[in-house]
1. How about the stretch B:43-102: which of its residues are in contact with a strand residue (DSSP E or B) (Cβ under 7 Å, 6 or more places away or on another chain), closer than 17 Å to C:Asn320 by Cβ and basic (Lys, Arg)?
2. Can you name the residue in the stretch C:101-114 that is surrounded by fewer than 19 Cβ atoms within 10 Å (Cβ to Cβ) and modelled with pLDDT of 90 or more and is also nearest to C:Leu509 (Cα to Cα) among such residues?
3. Can you tell me which residue among C:Val609, C:Val593 is within 10 Å of another protein chain (Cβ to nearest Cβ), in a helix (DSSP H, G or I), modelled with pLDDT of 85 or more and more than 22 Å from the chain's Cα centre (by Cα)?
4. Just need a number here: residues in the stretch A:31-49 that are surrounded by fewer than 24 Cβ atoms within 10 Å (Cβ to Cβ) and within 14 Å of another protein chain (Cβ to nearest Cβ).
5. Which one is nearest to the other protein chains (Cβ to nearest Cβ), of the residues in the stretch B:310-351 that are of a type in the set (A, V, I, L, M) and in a loop (DSSP other than H, G, I, E, B)?
6. Take the stretch C:528-552 and flag every residue that is open to solvent by less than 10 Å² (accessible area, probe 1.4 Å), in contact (Cβ under 8 Å) with a residue 40 or more places away in the chain, in a helix (DSSP H, G or I) and within 14 Å of chain A (Cβ to nearest Cβ).
7. Examine the stretch A:112-127 for a residue that is in contact (Cβ under 8 Å) with a residue 60 or more places away in the chain and surrounded by 22 or more Cβ atoms within 10 Å (Cβ to Cβ), and state whether such a residue exists.
8. Residues in the stretch B:207-227 that are surrounded by 19 or more Cβ atoms within 10 Å (Cβ to Cβ), of a type in the set (D, E, K, R) and either assigned to a loop (DSSP other than H, G, I, E, B) or more than 8 Å from chain C (Cβ to nearest Cβ) (or both): how many?
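The values are calculated or read from the model by the stated rules, or taken from the named source; none is laboratory data. Bear in mind that the values here come from a model prediction, so they are computed numbers and not experimental data. In this analysis, Cβ positions are derived from the backbone assuming ideal geometry, glycine residues included, and neighbour counts consider all displayed protein chains. For accessibility, only protein heavy atoms count, side chains too; no ligands or nucleic acids. Shrake-Rupley method; radii C 1.70, N 1.55, O 1.52, S 1.80 Å.
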Amino acid sequence: MSNVVLEKVSRNFGKFSAVSGVDLRVNEGEFVTLLGPSGCGKTTTLRMVAGLEQNTGGRISIGDRVVSDAERGLFVPAERRALGMVFQSYAIWPHMTVFDNVAYPLRVRRTPRPDIRARVLEALRLVEMGDYADRPAPALSGGQQQRVAIARALVFEPALLLLDEPLSNLDARLRAQMGAEFRALQKRLQITSLYVTHDQEEAMALSDRIVVMQAGRVLQIGTPEEIYQRPLSQAVATFFGSPNLLPATVVACARLGESQFELSVRGSGWAGVCRAREAAVKDATVLVMVRPENIRLVDRASRDTGGSIILSGRVIDSSFHGARRSVTIDVGGSLMKADLPAMAPLSELVTLNIDERTAWALAS
Amino acid sequence: MTSGNDQAERRWITRRAALLGLAAGSVVFSAPEAARAEDEWGKLVAAARNEGHVVLYSAFVGLAAHQNLKKDLEATYGITVDILEARASEVRERIRIEQAAGRFAVDVSENGRTTTTLQIEQDHVFDPHGMLPSAGRLKAEFRADDIRVPVFAIVYGILANTRLVKPDDEPKSWLDLADPRWKGKILSDDFRALGGGGVLFYVLEDHYGRDVLEKLAKQDLKFSREIPANERRIARGEYPLYVPVSLTSVPELKGLPVKFLAPREGLPFIGYDLALLKNAPNPNAARLLMEYCIGQKMQQAYANLGLLPVTADPLSGVDPAVAELGKSKLLGTTDPARMDQLLALARQIYP
Amino acid sequence: MERSWQEKAECANPARSFASAKPTGAEKFCARPSLIELAENLYPQQVNMAISADERVEDPGRVPFAAGLRARLRVLEGTAASRTAGVALLVVILAFLSIYPLSMLLYGSLHSTPPGMAGVFNLDGYQAVLTRQNLVMLLNTVGISLAKTFPSLVIAVLLAWILARTDTPFRGALEVLVTLPFFIPPILTAMAWGMLGNPQVGLLNQLYQWATGSSNSPINVYSYGGVIWHMMQYSIPFMFLLIVDAFRAMDPSLEEAARMCGASRWRTFRTVTLLLILPALSSAAILSFIRGIENFESPLFFGSPAGIRVITTDIYDSINQRSPPQYQYATAVSFVIMALLLLIVLLQWKLLRGRNFTTVSGKGYSPTVMKLGKWRWATFAFCVLFFAVTVVLPVGQLLIGSFFKFFGFYQWDMLTLEHYRAVFGSSEFWRGFGNTMLLGLAGASLTMVLGGVVAYISVRTKWRGRMLIDVMAWLPWMMPGIVLGVGFLWGFALLPHAIPIYGTIWALLLAYISLGTPLSVQVMSSAYSQLSYDIEECSRVHGASWLQTMRHIMIALAWPSFAVGWVLVFFGIMRELSASVLLYSVGSEVLSVVLLKLWTNGNAEQVSVIGLMMIVLVVLFRWVQLKVIKARISTL
């Protein structure tokens, strides 16, 4: 196990830069996810760590070893980085059996034969594929191939495991299951993992930390909670779900702790308190991010919840989702989405309450 | 590979033999000259045995008599013969480029008169052979000069399907081919190409002038280049007549319903020549081979195949049918100097 | 971009919802690539990242995705120095095999006399090419080649689809059978068809006359139709061999996806299957078209008697039938043809480059076959009919003919084994056979290795110089065989004497490698372009060096194509005459020269015997090959 450090890593194609100035430190045993829309540079970043692509700027080290340094012209090719990787397509070699596929990394490293057998079977047991060793690889289902790909990536106990959208080819049910299994395995083995996905739910469910990328740059690095609840920017905020963004003006600002401020804001037809990462001057305009699930329905009368934001509006659309009900509310001309308990009684005119801890101000 | 002494000796024999050749070319032999000539030849044979090997490039692909040549020279003189066969222009080009590149691999060339002449005039790849003892026995039509030694000739006639052509209808003259009854019924080797077709065109033009050929053009001749297949097509009755067919097809096609017709004017022919290559690695064996080819045994072998022997030696045991046809009058052959012009004319008359 | 694609795919792909509705089949369905990947495979530039507008500016002709790919690949291969050295070595080898003989020919076309003779440089040769007559001839040649390529392509695709993707009975045997015509020496089938289809006594016409009572002869092989038909017998199995693996290797779920989207079978075939194998298909068609331009036997045999003239017969005439040989003209014509063909090939490259049709992904595939129901007997009958017409008829003729004293004369008293005795008793035959086997084995293996390397570099890498390598490997293909043979002769003869090639068996070997490389490059290119990059990269990431990856992954996966290419090259060598006859030397006689001798001597019967032996050999090779391929496929 080892840590991975990316320092100002860039990748240019001609004048176009696919990745620029990425700084990232993945700690030992940590599960870090690169998340972003297609074309954001996440896969390129992963491939540069893998050694499948060469960074045109910056430095990458794995463990204590610098594997690529653009300035010094140093580049360690993929096969000498001792990594494990799971490809989006699994890249199971169709001409080999399951056993041969998993044994491959050991064979090319000339591991003694008995060792190979023991370690392959052990790896297959880890992914619960022990009984399939002699199957021809293509005769497996997608989930099974996925497990084989993981076993193959783990079999020689790599310093680092790279995963390039490994779940994207599975259906929703299997995706959740495989994700959970893999996370459990990762925690058990304490493998440093770098994971690429464009699926934010997957990212949140699996990761210790998430790196949100857009247009080749890192927007934010943080734990799933941080990223979800306290995004740095509107872009990060909107990448996870569809939050309500309420334009507001700062009335007052108070410090709560390190990188934690409390703002009193006023919007059109409402006023309240929210949190922010940075201090704001009076009369500055901000966007207050409110996640639909953090909106509660309150009695019109009870307006005494100090420090919260209270809004009134008219329900114009509502759809039932089993556990919750998704409601669109017209608040003074702008639309808000709220996820309410499914059984909550709904009248046409509603009053909404937002806990100040869940209202997050973003620079507009 | 050869010592300086050998080289010297070879040159010497060659020079002496050349002198001898001049002597042989003169009309009268005196007895001592004859004796000396024999002595010289004896030395050449000894040198040839010493060389023990000779290489022939032949433009007659698949000539069965080449096997006789190999066997005989090996048996008689202990000289192994390597024969490389390819089509006329291929052999010519190989020899030319080998000479140009200084790769002297071949001793003797065997090629048609036209190509050999072109090689002499354009490629300059031959040395005088210095006259051979048997050169004096060559027929009048086949005189050797100081480079070319005629070795055999191909004679051409008409091939008829005996089921389709009644004996009375058989063309008796080349001119009979212009008879309207044969319109669209004659398969022919291509007149516009070197080979039998070109020879026939040349000789007919030479003898009868352009008119006859223009008449023939109205006969709607079917030109086809694959000679072996053409002969079979006549035998199967696709066409009643095929021109020109080599006499060598007579022994080959024996048993099939075809007949070789020799028009009364005579048969066109094309001679094959042997020639000694410049810087031949085995000059003595080469000349021994040339001499052997115009000797009685090889001439007999050629005759057996339906080729025309070039010497006046009496032959025995040749298939009577072939022998009879072989005695047909000769109509003429091509002049290499005019060949190109005539081929152009053929393309004009048979566009 | 991705999202929109995905959304489209999601709604367009019922397989997904179907999968979740049916838990037992769920994994299976999802294991197969969805339309997303189909989209990715077809339009990777749209899905992959790393696209730049600047790249487009840099090189307007190239699809932008190539830039990303180039970068992806650049780092995959060893160190820069060893790569440069490797490429340089390859360039030198190819230059010697193709540029060197071609430059000899170029000299010949620009010089009044061939190399080694005094003369002057002039453009007379090219001037002589520019005549109206030649234009007509060129159109004739192109027309014939087009006329044979398209129907052949249709039939080849049909056969490939039937034999690779349907449940037609006896597919294994049929696959061997339908490829047989390619391996029969053309001169023999020409003769057989001459007997079957001549207007006077042709068997087919007699059958027709017997059946209808008319005296018409509807079939005349000595015509355009005959020339085209004779060529087709070779181009159908040729194209079949080149494309069948593309059909076999294709992931059927790509087609299933289309079917699920409501496309009919025919529509699926047209819009998905055909498009997926378009690279293989178009290269095969172009190869076949080029072969058609350069075909010599068919027009010589069936065209000349009908007054049909094509470029190859004209070139042959100008060398072999003129006095003196017109080398300057022949080489000039050849270069004009070469330029035209090169243009076509470059156009095709331009059209296909960057369109990456990887259909063998690392996800594995199960080559399921389409259940045709009772229609499978119709497809079976189609194959059998094809086999009957192209093989049974002519080969039957050969077989029967070989037992009679004279080919085509069936009388009891002419029944004989003499031809077999003559062939098997001939030391010349055995020497030629031995040399040919040796040259064939060594030549085909080396050619395939060279072609494999060239194809790898050209298809899988973006190395500088790969276009050059590719073009160099291709050039010999564009040069008519007769002329190329002369180029080798000149080239090898004029080498310094210290290089012992001329007059040895090496000259033949090198010429064969040069002649076979374009084909091997083609075969291996389509094999490689079927393999996804993940498969290769995955090996590198897991510790395998480039060489190990080549050995264990690339070659292991591409070897069925390798085997097909090997057989094609092997029999190409067996048949090659133009260069052989100019380069063979005493002791290194090859079978084709032996055949030439027999044929010129009117010995069609012995030629048939040898032809039949070649067919037996082909059946043997193909049978073994398919057995092994089948064994591999059954494990999939």
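1. Answer for the stretch B:43-102, where residues must be in contact with a strand residue (DSSP E or B) (Cβ under 7 Å, 6 or more places away or on another chain), closer than 17 Å to C:Asn320 by Cβ and basic (Lys, Arg): B:Arg92, B:Arg94.
2. Restricting attention to the stretch C:101-114, the residues satisfying the condition of being surrounded by fewer than 19 Cβ atoms within 10 Å (Cβ to Cβ) are C:103, C:106-107, C:110, C:112-113.
Then drop every residue that is not modelled with pLDDT of 90 or more, which leaves C:103, C:106-107, C:110.
Working: C:Ser103: 20, C:Leu106: 23, C:Tyr107: 24, C:Leu110: 28 Å.
Residue satisfying both the conditions and the ranking: C:Ser103.
3. Values: C:Val609 fails: within 10 Å of another protein chain (Cβ to nearest Cβ).
Every option except C:Val593 fails the conditions.
4. Of the residues in the stretch A:31-49, the ones surrounded by fewer than 24 Cβ atoms within 10 Å (Cβ to Cβ) are A:31-32, A:37-39, A:46.
Then drop every residue that is not within 14 Å of another protein chain (Cβ to nearest Cβ), which leaves A:37-39, A:46.
Going through the stretch A:31-49 one residue at a time, the tally reaches 4.
5. Filtering the stretch B:310-351 down to residues of a type in the set (A, V, I, L, M) leaves B:310, B:312, B:315, B:318, B:321-323, B:325, B:330-331, B:337, B:339, B:342-346, B:349.
From what is left, the residues that are in a loop (DSSP other than H, G, I, E, B) are B:310, B:312, B:315, B:318.
On the way: B:Val310: 21, B:Ala312: 28, B:Leu315: 22, B:Val318: 19 Å.
Residue satisfying both the conditions and the ranking: B:Val318.
6. C:Ile535, C:Glu536, C:Glu537, C:Cys538, C:Arg540
7. Looking through the stretch A:112-127, none of the residues is in contact (Cβ under 8 Å) with a residue 60 or more places away in the chain and surrounded by 22 or more Cβ atoms within 10 Å (Cβ to Cβ).
8. 2
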